[in-house]
Each structure stands twice: as structure tokens, then as C-alpha cells.
């Protein structure tokens, strides 16, 4: 909103116009729109909306790290998104220490790579924990040995695979770890002047705290930039009804393999008789030759059957379905 003039200022302005002290054409020129500077060396390729969507994606990724890392480290892990910003690739590499843990990841099917940078103190804490230690970092940073790099590579592969689910609403990715570099000079994946988005994660493993920076070049994300907005991102999340959810769960359960055991009968013998058993010995069971057999699904007695054969295989034919049977802890004398 423009400045409001008082009545005296209006009168003085009109008097100046009538006397010719002020030119009306000059006043019109001063009302032109201001020109905003544009830095071609730092083009604004990532908008605030893009950065916000990336933060949402990596908030999901942080939750996955928090639940998966403790399985391997046997220690409480907390991960949160610290910040997101856009810089040139040279600014990112110049700020890196040496040594550093840089995972070069092929972000296929997108063209190009991304970089996941892990703080050295977190790397040494992970190595110490994986080798049976308390998970303490080194007091003085040094180069990583080949054995230590192998351990870190395993952890970084796990971290990389967890990227699939958070990115699913944007694009189905199949990331692969190309290599791990400890020297920033060997991690030049794009031109130094190219713009990148950096999402910084704060990771706390026990009492050790450090940062993980995820470097996302514009060149890599260019084909999906239109999808990096919250409106599109949330619209792809389907609101399944309870019936669809139940059907999905049932479909997954039906594909689960469970052991099925047919119990021919039971018998009790002494340890001495057991140790002296030979080929051809006969063990007397507690069932008759024409008795029905019990079939267990897992540890649950579920069917009554009669034995038989099918082609060259033993088989059973179901005669009775047992409902509401109590769970058994062991199945003895399997036959």
C-alpha cells in the first residue's frame, strides 16, 4: 500500500505542478515496477514447495532409519530432519571434511546420482558397535581401514534400500550403491556450478550425535520436479476403505507358507532302546492301522485324515475339519 499524503502535502504538490517545478511525466516514470536481480550463477531451480516436499519424504525416511538401525546396532537410534536448502555443488564439496563418508548412489530410473554423506563420528560409532563395542566414536579422526569400509558399505546399502518406500509416491526407484568415497575430490558427480538440494538429517545413536546430508542434484530430479509438490504428493496417497484393507491383508496372509505335519502316531521308549535302534527295527505306535491321523498346521491341530498315496508320493485325505482347537506347543513322533 502506498504512502498516504496529508492535506498540506497534497496542496503543495498541486501548487508545484501548476508552477512547473515538478514534471508530471517524470512522476509517471518513477512509478514503474522495480526490477529484481537474478543471479545466473545461482539459478533458483528449487522452490520452497520443492524443499518442503523433500522434507516430507525424508521425514518418512528418518522414521524408517529409526526403526531399522536398532536391529543391526542394538542401540536406540533417533533420526529427524534438521533443514533443507539449495546450494551449488562446489559449495557442498568445499564444506566437507577429510576423511568423510560419501556414498555415491545411482538413483535409477532417474538419470544421474545422489550423494549420502555421513559424519565420520557416526561412522566410527557404527563400526565400534558392529564389532561388539559400546558404540563410542574415536577421539581423533583418522582414515578408515578396508575392513571398516566393508562394514560401512553394508550399513549404507541398508540405508540406501530404505529410500524406496518414501519416494514411492513420486517415482518407483531402484537405487544401487556405486561406491563409497572418503575424499571429496573423488566425488565429482556433476559440474561444480550445478544447483543441488541438500536435506540434512540429525542422527543420534545412543549418546553419539551427528549429521547425514543427502545431496540431490537438480539434474537427477529434473524429470520429476513437477511431482515434487505437496498437492501431488498427498493426492497419490489412496484412502483405502476398511474392506479394501482387509482384502489386502487376507491376500498377503494367503501367500504365507506354513508347515503342515501329519502325525502317524506316538510311542515312548527308553533312552537305551533309542540309542540301540537299527535299520529294520519296529516301533509300536499308539494308533491302529485303520485309525485316522491328526494333521497339524503349524502347532495347531486342524484336520483328521486317512493315509494313502498319490502317484509316487505319500498323501492323506481329509475326513474331518477340527474347529476351535487349542494351540499345541510341540508335536511328538512325527511320521
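The values are calculated or read from the model by the stated rules, or taken from the named source; none is laboratory data. These numbers were taken from a predicted model, which means no experiment stands behind them. No Cβ is skipped: glycine too gets one built from the backbone with ideal geometry, and neighbour counts run over all protein chains shown.
Given the residues 196, 203, which is the only one that is surrounded by 15 or more Cβ atoms within 10 Å (Cβ to Cβ), in the same structural domain as residue 171 (by TED's automatic domain parsing) and at pLDDT below 90?
196
In segment 167-186, how many are assigned to a loop (DSSP other than H, G, I, E, B) and more than 21 Å from residue 122 (Cβ to Cβ)?
Count: 8.
Select, from 247, 315, the only residue that is modelled with pLDDT under 80, over 30 Å from residue 116 (Cα atoms) and not in a loop (DSSP other than H, G, I, E, B).
247
Among the residues of segment 225-242, are any in contact with a strand residue (DSSP E or B) (Cβ under 8 Å, 6 or more places away or on another chain), within 30 Å of residue 111 (Cβ to Cβ) and modelled with pLDDT of 80 or more?
no
Would you confirm, using the coordinates I've provided, whether residue 107 is touching a helix residue (DSSP H, G or I) at 6+ places or on another chain (Cβ under 6 Å) and touching a residue at least 12 places away in the same chain (Cβ under 8 Å)?
yes
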